[in-house]
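The structure appears right after this line, and notes come after that.
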Amino acid sequence: MRAFLLFQLRTIRSKYWLLPSLMAILAMVLAVVLIVLDAHIGADWLEGLSGLHANQPAGARAVLSTIAGSMITVAGVTFSITILALATSASSFGPRLITNFMQDRGNQLTLGTFIATFTYCLMVLRTVRSADEGGTNFVPQVAVLVGVLFALASLGVLIYFIHHIPESIHITTVVANLGREFADKVDEVYPRMIGDPAPKGEAKLRRALERGFSRQVFPKAAGYVQYVDGDGLMAYAHHANLWIELVARPGDFVTPRCVLARVTALKDVESAVFDRVRDAVVVGRDRSPTADILYLVERLVEVAARALSPGTNDVYSALNAIDWIGNGLVAMASRSLPDAARQDADGESRILTRPVRYSEMVEAGIGALRPYAARDPNAARRLMEALARVAQHTAEPGRLAALEREATNLQRAALEHLSQPADREPIEDALRVCLGHCRVDPN
């Protein structure tokens, strides 16, 4: 339950309903506060303000009804426009990008403003009372004035929304947002991970996993691993004196017959231990960018692959996506990758993980795009240039070897599809530059 709640807190910003709901609740609270204030101060304060006069019940009702009716109408129109934009983007860029549009604060703020104004006017409207309805006239003057100001603010938000929607579905904006999210996730994840690193503890931890009573933990349902509560798992392993090997990592698809983790203890493992370890891993129906960094780069690859498909044939969008893939790999090139063995606060190696290696990231970003880019000379050259740029920012031999391997494979694939010397020469020139940064003799 702890892991599930933590995951929901980390992903709550992607909920399209959250901000509009909060704004509607705040509008209701503000309406109640201003109505109480109006009942306390009355309408005499308007006499000292030129240009303002007290509203009569019929006039106040007309104003509030007009605002409320127009706001709910505009909210429906903007929601329809948003759905249309989502459908267009899903067909053009891929259905997995819908989450990014759901997370867009501009769309959430627009819908929230119209819903909040509508809710506010309804709350105020119900308190307007005339003398023939029993009692005395009551018109919440401050509340009505604020309602008019909300209507003017909503008009400004509508103008913003009309500008924001075409800008948000522009391919340059979409790819740039994906690229920045990828680079930001690199900064967040590396080298941070579960517990503290244990650089020399992997062999010791593997011996510990083999010497005690070991049991396998299976998930309750099939799905993708979305999140792992590393802090909670480390604290429990320390408290119960356990050694845990996490077989699955975020992004892996598991079934009830797949091993999620292996738990080892000095005595036989009870069923309650299985439940605690299982509950630390959130399994859902789809992949989540919260902890799955490979998913982020794969979304950029999806955009580039769709752009290079014969049905789309939008090479410049693919070049844009390739540039942002290279930017993320450059950000990762200077990062220290986490150790597989993780230790607790006492220095005891407790958890063995499967961190994403640099070679896997290069394969996911460059290797997966190679079959599509190799058929187009512009895309192949840009992909080779991206490899050279990444190699220029790293000096670690293992990473350079991975980049060299991908550059060589890309060259071979491109030469198989490109027959014109004019198409081949730029790619071979870019290869020599890349291998030069990799400190490899191209001959």
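In the elastic network of the chain, a GNM with C-alpha springs shorter than 10 Å, the most mobile of TRP17, TRP243, TRP324 is TRP17. A straight chain from VAL32 to SER14 at 0.36 nm per residue would run longer than the Cα-Cα distance by 3.5 nm.
Ranked for footprinting exposure by Cβ neighbours inside 10 Å, fewest first, HIS40, HIS417, HIS164 give HIS40, HIS417, HIS164. Computed over neighbours whose Cβ is under 9 Å from that of ARG287, the net charge equals -2, Lys and Arg +1, Asp and Glu -1. Given +1 at the Cβ of Lys and Arg, -1 at the Cβ of Asp and Glu and no other charges, the dipole of the range 196-284 around its Cα centre is 340 debye to the nearest 20. Among the DSSP helices (H) of the chain, those spanning at least 20 angstrom by Cα along their long axis with an average Kyte-Doolittle hydropathy of 0.5 or more are 18-41, 57-93, 105-125, 141-168, 293-308, 315-333; this is a geometric and hydropathy rule only. Note on GLU428/LEU158: beta-carbon distance plugged into 1/(1 + (r/R0)^6) with R0 of 56 Å gives a FRET efficiency of 0.55. The candidate values were (i) 44; (ii) 36; (iii) 51; the one computed from these coordinates for percent of Cα pairs over 35 Å apart carries the label (iii). Given their separation in residues at 0.36 nm each and the Cα-Cα distance between them, ALA131 and VAL77 gain 15.6 nm when the chain is fully extended.
Lysine pair count for the chain with Cα-Cα distance under 26 Å and sequence separation of 8 or more or different chains is 5.
For a label point 7 Å from the Cα of ALA203 along Cα→C-beta, name the residues of the range 337-356 whose backbone N is under 15 Å from it. Answer for the range 337-356: 341.
Placing dummy labels 7 Å off each Cα toward the beta-carbon, the span from GLU167 to THR99 is 2.6 nm.
Modelled spin-label separation between ALA58 and GLU188, with each label point placed 7 Å from Cα along the Cα-to-Cβ direction: 5.8 nm. Taking other C-beta atoms within 10 Å as the exposure proxy, MET361, MET384 rank MET361, MET384 from fewest upward.
Remark: C-alpha extents of the range 52-102 on the principal axes read 55, 15, 13 Å, sorted largest to smallest. Using the Cα centre of the chain as origin and beta-carbon charges of +1 (Lys, Arg) and -1 (Asp, Glu), tell me which of LEU9, THR117, ILE159 is placed farthest towards the positive end of the dipole. Of the options given, the answer is LEU9. Think of the chain as having a plus end and a minus end, set by charges on the Cβ of Lys, Arg, Asp and Glu; of THR394, ALA24, GLY232, GLY232 sits farthest toward the positive end of this dipole. Each of CYS258, CYS438 was scored by other Cβ atoms within 10 Å of its Cβ. Listed from fewest to most, they are CYS258, CYS438.
For the options GLY232, GLY367, GLY311, a Gaussian network treatment of the chain with springs between C-alpha atoms closer than 10 Å singles out GLY311 as fluctuating the most.
Each Lys and Arg contributes +1 and each Asp and Glu -1, all at the Cβ; summed about the Cα centre of the chain, the dipole is approximately 1060 debye.
Taken together, the values in this text are just the output of simple stated rules run on the coordinates, not laboratory data. Just so it is clear, the model here is predicted, and its values are computed rather than measured. With ideal geometry, Cβ positions are generated from the backbone for all residues, glycine too; neighbour counts draw on all protein chains shown.
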